[in-house]
Amino acid sequence: MLELATNMLMTNQNADGGWGAVAGRQSNTEATALALLALQSAAADAVITDKAKNWVVKRQLADGCWPLNDSANEPSWSTALAILALSGLAEDRERVIKAGNWVLEQAGGKPGLLAKLIVFMKGQKKVVRLNQDLIGWPWTTGNFSWIEPTSYCLMALKKLKQRLPADRVQVRIAQAELMIYDRMCDGGGWNYGNSEVYGEKLWPYPDTTALALIATQDRRERQENQLSLRLLSDLALKADSGLALSWASICFKLYGQDDAALKNSLAQRFAKTQFLGETKVLALAILAVGDGARHFRL
């Protein structure tokens, strides 16, 4: 699977050096950053890898961030993935530090007035259960904090914490970790944004649970991590999504867990569907089956 998936990923590269969500679509930072990580992990063709790196490097904006693509030329959450893709390359040290400082300045917003008015006027249960004072990172600037972009940004800051202002980075990391733990579902694991809505408990997903665990891998002894890791074992064994299986496998490697069953399921899924040619899933599967977990070690 590793060889086939790597060849498929390289074949799907756009002429500009980047990748879209699937072959032929407009190149974007998320897909290209993950593809670059996968190619680095697989020691793929140097010409293709260099083209991918050049695509990422050329798209960085003046303030240090990356847009999602050339059509949406404004700051985006995908900056964190670009940092991860470039952080291991010595020649891009100053570039990733600039991006890290940009991430430090970003913050998710609190639930809006509409949610409060609904509760006040209709006497309903609380719209969401969360600590509004704990701030992570949003999908789009100034909006609500979500688990996935917060996990990516937390990984990026932890990769760069020795190169960023110590007081600022420590505060942001500590608050983001508290936000993640505050959003944990009852019994462990994470949904996409919250653990409860209108008094109804939400369920965890394997991909978001794996991402939150990867972002907090240096807190692995915490009860929340251990509880969620056990839950992920059950969730992942029932998953048939290449995305979920890949993130879970990477997570298990980082926590020293056996991921053989997940890699077997991943290979079976690829043989059946080829992941529908989705760049993100192809790249993550390559990272999971090979030694790509090292790129996410904090």
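Relative to one another, the C-alpha centroids of the range 1-61 and the range 149-168 are positioned 25 Å apart.
Within a straight-line Cα-Cα reach of under 18 Å, K238 can be paired with the following aspartates and glutamates, leaving aside sequence neighbours fewer than 8 residues apart in one chain: D207, D258, D259. Taking N as the residue count of the range 169-215, its C-alpha radius of gyration divided by 2.2 N^0.38 Å amounts to 1.17.
Rg and Dmax of the range 145-231, based on Cα coordinates, read 13.0, 43 Å. Computed over the Cα atoms of the range 1-93, pair by distinct pair, the Kirkwood hydrodynamic radius stands at 13.1 angstrom. What a 1.4 Å probe finds exposed on the range 171-298 is 52% carbon and sulfur by accessible area, rounded to a whole percent. Using the structure shown, list the pairs from K53/K159; K98/K161; K158/K201 with a Cα-Cα distance above 23 Å, or answer none. Listed pairs above 23 Å: K158/K201.
For E74 and T273, what does the FRET efficiency come to when R0 = 35 Å and r is the distance between their Cβ atoms, rounded to the nearest 0.05? Taking R0 as 35 Å, the efficiency between E74 and T273 is 0.55. Determine, at each q value in 0.14, 0.15 (inverse angstroms), the log₁₀ of I(q)/I(0) that the Debye formula gives when each Cα of the chain is one equal point scatterer. So the normalised log intensities are -1.04, -1.19. With a simple spin-label model that places each label point 7 Å from the Cα along the Cα-to-Cβ direction, the separation between A261 and L237 comes to 0.3 nm. Using only alpha-carbon positions in the range 161-298, the gyration tensor eigenvalues give semi-axes of 26, 19, 13 Å once each is multiplied by 5 and square-rooted (largest first). For R294, the shell of other residues with beta-carbons less than 13 Å away shows a net charge of +2, using +1 for Lys and Arg and -1 for Asp and Glu.
Surface analysis of the chain yields an accessible area of 44 Å² per residue, using protein heavy atoms and a 1.4 Å probe.
The values are calculated or read from the model by the stated rules, or taken from the named source; none is laboratory data. As the structure is a prediction and not an experimental result, all values here were calculated from the model. Note: ideal-geometry Cβ built from the backbone for every residue, glycine included; neighbour counts use all protein chains shown. With ligands, DNA and RNA removed, areas are computed over all heavy atoms of the protein, side chains included. Shrake-Rupley method; radii C 1.70, N 1.55, O 1.52, S 1.80 Å.
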